[in-house]
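Some notes on the structure that comes next.
The values are calculated or read from the model by the stated rules, or taken from the named source; none is laboratory data. Computed from a predicted model, the values in this text were never measured in an experiment. Don't worry about glycine lacking a Cβ; one is built from the backbone with ideal geometry, like all the others, and counts go over all protein chains shown. The accessibility values were calculated without ligands, DNA or RNA, using every heavy atom of the protein model including side chains. Shrake-Rupley method; radii C 1.70, N 1.55, O 1.52, S 1.80 Å.
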Amino acid sequence: MTPKWLVLSRTAVGRGERSPARRRRTCALTGPPRPCAGELVTNAVRYGTEPGDSFKVSVAAAPGRCRVEVHDTRRRTPRLRPVSDQRVRGRGLHLVGALASRWGVAERPFGKIVRVVVTW
């Protein structure tokens, strides 16, 4: 699996834009990998970056398998929150856990990598 990657900034994500230099390196996600990738990107924007920071999304796909990695600048690891009907937020990692074959977090020199693998 050769990864395709995309470097995004918080403001570009908010406007739905991509860096023109990176646009040609993107690939379309469909099926179960799409909501998993969306959740990891949302978490990177909300909790993994400061205004002005960038983050990297890496996607590697093979028949029946897809790996998505999101590299951000914060070391704080995501955590599953208890399920509650009282909160609107906090369900994303439960969704990832239900759709993914596995997911996890790895440290990197200036932040972390959150990865998910989906098989079908």
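Here are the numbers for the structure shown:
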read-out: Sites matching chymotrypsin sites (Phe, Trp or Tyr not before Pro) across region 47-110 that sit in DSSP coil, with at most 13 neighbouring C-beta atoms within 10 Å; value: Phe110
read-out: Ranking by accessible area, most exposed first, for His94, His71 with a 1.4 Å probe; value: His94, His71
read-out: Length gained when the stretch Arg76-Arg46 is fully extended (0.36 nm per residue, less Cα-Cα span); value: 9.6 nm
read-out: Sparse-neighbour loop sites [trypsin sites (Lys or Arg not before Pro); region 43-80; at most 14 other C-beta within 10 Å; DSSP]; value: Arg75, Arg76, Arg79
read-out: Whole-percent pair-distance distribution, where bins are 10 Å wide, for the alpha carbons of region 61-119; value: 21, 43, 30, 5
read-out: Listed residues Ala44, Val57, Thr77: farthest to the positive end of the dipole of region 27-79 (Cβ charges); value: Thr77
read-out: For region 48-100, size of Cβ-based charge dipole, Lys and Arg +1, Asp and Glu -1, in debye; value: 200
read-out: Per residue accessible area in Å² of region 37-120, where ligands, DNA and RNA are left out and the probe is 1.4 Å; value: 59
read-out: Separation in nanometres of the label points that stand 7 Å from Cα toward Cβ, at Thr2 and Ala62; value: 1.5
